[in-house]
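The values are calculated or read from the model by the stated rules, or taken from the named source; none is laboratory data. What you are looking at is a predicted structure, and each value in this text was computed from that prediction instead of being measured. Here the Cβ is made from the backbone with ideal geometry for all residues, glycine too, and neighbour counts use every protein chain on show. Remember, those area values only see protein heavy atoms, side chains included, never the ligands or the DNA or RNA. Shrake-Rupley method; radii C 1.70, N 1.55, O 1.52, S 1.80 Å.
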Amino acid sequence: VGTGYSFVDTDSYVHELPEMAAQFVTFLEAWFQIFPEYEMDDLYLAGESYAGQHIPYIARAILDRNKQATSAKHQWQLKGMLIGNGWISPEEQYKSYLSFAYEKGLVQRDSDIANRIESQQAVCLKALTETGGKDRVDIGQCEQILQEILRETQTTGSDGSSQCHNMY
């Protein structure tokens, strides 16, 4: 719940990747109860972008579940994972925001803007080192790095409107 077009009317969104993976396994168990004819089919997990976080956790949960299966008949046939443009290494990828901004000339090193963004990056890196930091689905302190870059590099168009770089 809370990804893609799904939503919920309560505050029951998943906030941790292991919890998400456990819920996905629960979904698959229910799916295979309804459609047992598919239980022995090859299973591939695929997604893009932030699915680069979800897919490895789901795969691990499936493999762990298979170890607990009472017989080979009840083991799911996980054959592969496909991740396009994946968000797979938050620590490295969050650090890349500022280095990309430097490389492309969006932010000048040793400027006031750079100092503010580097301070936010330090807050982010600290959050990543906290217990479970690398397993969190969304790290607001780290997302703030990109928002700060976009805000600090905003320009004014000829019509007086604010314009920022397309972050994609």
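Our estimate of slack between GLU130 and GLU92, defined as 0.36 nm per intervening residue step minus the Cα-Cα distance, is 12.1 nm. Note on the chain: Lys pairs 8 or more places apart or on different chains, Cα atoms under 22 Å apart, count 5. Packing here is the average count of other Cβ atoms within 10 Å per residue, and on that basis the peptides 99-107, 154-162, highest first, run 99-107, 154-162.
Compactness check for segment 1-124: Cα Rg over 2.2 N^0.38 Å is 1.44. Measuring how big segment 51-94 is from its alpha-carbon positions, Rg and Dmax come out at 13.3, 42 Å. Rolling a 1.4 angstrom probe over the protein heavy atoms with all chains in place gives segment 15-112 an accessible area of 63 Å² per residue.
Note on ALA122 and TRP31: the model spin-label points, each 7 Å out from Cα along the C-beta direction, lie 4.6 nm apart. If you take the beta carbon distance between HIS15 and SER158 as r and set R0 to 45 Å, what does 1/(1 + (r/R0)^6) give as a FRET efficiency, to the nearest 0.05? Calculated value: 0.55. For CYS164, the solvent-accessible surface with a 1.4 Å probe is about 80 Å², rounded to the nearest 10.
Ranking TYR94, TYR44 from most to least accessible surface, computed with a 1.4 Å probe over the protein chains only, gives TYR44, TYR94.
With the full set of protein chains in place, find how many percent of the accessible area of segment 43-168 is carbon and sulfur; take the probe as 1.4 Å. Roughly 48 percent of what the probe reaches on segment 43-168 is carbon or sulfur. Using 0.36 nm per residue and subtracting the Cα-Cα separation, the extra length available between ALA46 and VAL8 on full extension is 11.3 nm. Using C-alpha pairs below 8 Å separated by at least 6 residues, the relative contact order for segment 16-168 is 21 percent. Computed from Cα positions, the angle between helix 17-34 and the longest principal axis of the chain comes to roughly 40 degrees.
Between 0 and 90 degrees, rounded to the nearest ten: what's the tilt of helix 140-152 against the longest Cα principal axis of the chain? Long axis of 140-152 versus the principal axis of the chain: about 40 degrees.
Can you give the angle from 0 to 90° between the axis of helix 112-129 and the longest principal axis of the chain, with both taken from C-alpha atoms, to the nearest 10? Rounded to the nearest ten degrees, it is 20.
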